[in-house]
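Encoded as structure tokens, the structure appears first; notes follow it.
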Amino acid sequence: MALPMQRSLLRSFVQSMHEEGIVNDDFYQLLAMKETVRPDYVVRAVTSYCLSAQNLFSHLTYHICQPEVDYHQVNTAACEFYARTSSHVLIMHNMFPAWYSIGAEHVKLSCAELIQACQENDKEYCSRALYWTKNEYSKLRRKFETLVQMERKIIDLENGH
């Protein structure tokens, strides 16, 4: 009884994230991967995305805070984050290649704004766009933390724990 309830709660949670525009349809494709690749696929993909995001934010913040901003460096990092957020990325898990997009719609939009700011070589615009991107990512990360907890609970229940 607990497993069907947890799965239902997870579906409702993901649906609310989608309805809020936090994730797009690509995120449903990511969820489906756990059926074909491995049960903890979503947990691994979300965790990997969040770790890379933290590293990229450190890099972006460092470069934007410099007296002379290297807009090429900032643009490169912003484009990398945009790709990880919205493009289909190839990852390997236990010798199984898989393409996924995290489908983070609000983060994707704010990151596009950061790329635009870099292209305009405008430090203040970059700072505002980075702040917006970090804010959208923080909202997403909180949702992802809840989602990971729910996924782990389902995995535990499936394994009889």
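Using the Cβ of Cys126 as centre and a radius below 10 Å, the other residues enclosed give a net charge of -2, where K and R count +1 and D and E count -1.
Counting protein heavy atoms only, the chain has 54 percent of its accessible area on carbon and sulfur, 1.4 angstrom probe. With everything on Cα atoms, drop me the angle between helix 41-64 and the longest principal axis of the chain, reported from 0 to 90° to the nearest 10. Taking the Cα atoms of the chain, the angle to 41-64 is about 10 degrees. Applying a DSSP loop filter and a limit of 15 other Cβ atoms within 10 Å to the GluC sites (Glu not before Pro) in the range 1-83 leaves Glu20, Glu68. In the context of the full set of protein chains, the chain has a per residue accessible area of 55 Å² (1.4 Å probe).
Which of rounded, prolate, oblate describes the chain, given a ≥ b ≥ c as roots of the alpha-carbon gyration tensor eigenvalues and a/c under 1.5 marking rounded, otherwise prolate only if a/b is larger than b/c? Note, shape of the chain comes out prolate. Of all the Cα-Cα pairs you can form in the range 1-41, what percent are over 17 Å apart? Result for the distance tail: 39 percent.
With respect to the chain, whose longest principal axis is taken over its alpha-carbon atoms, helix 25-36 is tilted by about 40°.
The values are calculated or read from the model by the stated rules, or taken from the named source; none is laboratory data. Because the structure is a prediction, the values reported are computed rather than measured. Neighbour counts are summed over all protein chains in view; Cβ atoms, including those assigned to glycine, are modelled from backbone coordinates with ideal geometry. All accessible areas refer to the heavy atoms of the entire protein, side chains included, with ligands and DNA or RNA removed. Shrake-Rupley method; radii C 1.70, N 1.55, O 1.52, S 1.80 Å.
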